[in-house]
Number of protein chains: 2
Amino acid sequence: MSEHFSGKKAAEIVGITYRQLDYWARTDLVRPSLADATGSGSRRRYSYRDLLELKVVKTLLDSGIKLESVREAFSYLRDHLGEDIASAQLIISGGSAILVRDDDELIDVLKRGQGVMTNLLSLGGVQKEVDDAIVHLRPADAAAGKLAVAPAKAQKAAPRPRRAASGG
Amino acid sequence: MSEHFSGKKAAEIVGITYRQLDYWARTDLVRPSLADATGSGSRRRYSYRDLLELKVVKTLLDSGIKLESVREAFSYLRDHLGEDIASAQLIISGGSAILVRDDDELIDVLKRGQGVMTNLLSLGGVQKEVDDAIVHLRPADAAAGKLAVAPAKAQKAAPRPRRAASGG
DNA sequence: CGCTGAAACTACGCCGGTGTGGTACGCCCA
DNA sequence: TGGGCGTACCACACCGGCGTAGTTTCAGCG
């Protein structure tokens, strides 16, 4: 029933316009992994994991990153991001990106990157925001706590929906 | 003779197109502080300090930051950036920006910013790059070391030389 | 099995940030 | 004071990333 999210819901939850969601899907940035659009009238179905990705994109945009850079960062993210999202730190710099799990490691990377611009994002916070938004936008029944569990599971069970990314 | 830089030279040194330099000057992002344009045929004169600002902008752009965010960051930078450029770390996040001088302070800020995107730049490296570029593009006479002094002064005038620009 | 509403699609426009190319104007030197 | 050259200016175009409006088509219901 509610393991998936419609396009509109997804947009609401992560705080973007439908137009953005649509554009990102078409241009291969974040596609619904449960059900892609198959023409006019069909329906996209976003997974919880997709919401996380959408939220990361939005967060990056809000912080002043160009969409182009976000695309490049994501080609890296998809390969290296496992289930343990909350504890990871994402660092992007131009076209490159790095994932860091440990705080000390993070500091190390920062010091090494002298002179080079570095963009940093704590993924744990992103996940929390999405969870909160889902609960807030819940139509009553889910407020019963059902979905408060599902997200935790979703990140563990999520297989990797691989789509053909066309170049970058 | 060489305390200032023409528009074209400035663009060369920092590695941007003249069109960008022109656009940025017109739109009030980085203006030549020694002599602004007063109409067609006039000449802009950039100071060394201006070069640093230009280079910071370019570095931010290269790292994937939107020009709009750069503008906002600079309105903060101009107020708070003193002489001690080399030891400062610039952190921007969307519209806000922070300057950090100390490494521990930096780490503190990063941890505090859980979930919020953070963009980080070490200004010391930027200065070094500019200095190198100036030397490399020198037409002989300046290679005599005249200008190698002026930049050095800028960073030495600082009250506390915390971290030398050697790292990078 | 047909209706209907929602969501995907299409077409068009806008704006910021630049590339290109041509023009006009000062600055410097003779 | 005039000539040449460097440079600012101007007009035009383009492209990405959307907003807006209108159209098409499917999903799900009765």
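On the given criteria, is B:V56 more than 16 Å from DNA strand D (Cβ to nearest atom) and of a type in the set (A, V, I, L, M, F, W, C)? Don't jump to the end; show me each part of the working.
Numbers: more than 16 Å from DNA strand D (Cβ to nearest atom): yes; of a type in the set (A, V, I, L, M, F, W, C): yes.
For B:V56, the condition - more than 16 Å from DNA strand D (Cβ to nearest atom) and of a type in the set (A, V, I, L, M, F, W, C) - is met.
Of all residues being in contact with a helix residue (DSSP H, G or I) (Cβ under 6 Å, 6 or more places away or on another chain) and farther than 19 Å from B:V126 by Cα in the range B:18-64, which is nearest to DNA strand C (Cβ to nearest atom)? Just the residue, please.
Top of the filtered list is B:Y18.
Which of the residues spanning the range B:16-33 are more than 7 Å from DNA strand D (Cβ to nearest atom) and more than 19 Å from B:F74 (Cα to Cα)?
Hits for the range B:16-33 are B:T17, B:R19.
Which of the residues spanning the range A:67-87 are away from chain B (no Cβ under 11 Å) and modelled with pLDDT of 80 or more?
So in the range A:67-87, the residues away from chain B (no Cβ under 11 Å) come out as A:74-85, A:87.
Listed by number, the residues that qualify are A:F74, A:S75, A:Y76, A:L77, A:R78.
Quick check, is A:E53 away from every other protein chain (no Cβ under 11 Å) and open to solvent by 10 Å² or more (accessible area, probe 1.4 Å)? Walk me through how you get there before you give the answer.
On the way: away from every other protein chain (no Cβ under 11 Å): yes; open to solvent by 10 Å² or more (accessible area, probe 1.4 Å): yes.
Answer is yes for this residue.
If only one of B:S93, B:S75, B:S42, B:S6 is open to solvent by 10 Å² or more (accessible area, probe 1.4 Å), touching a Ser or Thr at 6+ places or on another chain (Cβ under 7 Å) and either within 13 Å of DNA strand D (Cβ to nearest atom) or not basic (K, R) (or both), which one is it? Step through it out loud before you land on a result.
Numbers: B:S75 fails: touching a Ser or Thr at 6+ places or on another chain (Cβ under 7 Å); B:S42 fails: touching a Ser or Thr at 6+ places or on another chain (Cβ under 7 Å); B:S6 fails: touching a Ser or Thr at 6+ places or on another chain (Cβ under 7 Å).
It is B:S93.
The values are calculated or read from the model by the stated rules, or taken from the named source; none is laboratory data. As the structure is a prediction and not an experimental result, all values here were calculated from the model. When we count neighbours, we look across all protein chains shown, and the Cβ atoms used for this are built from the backbone with ideal geometry, even at glycine. Ligands, DNA and RNA are stripped out before the accessible areas are found, and what is left, the full protein with its side chains, is counted by its heavy atoms. Shrake-Rupley method; radii C 1.70, N 1.55, O 1.52, S 1.80 Å.
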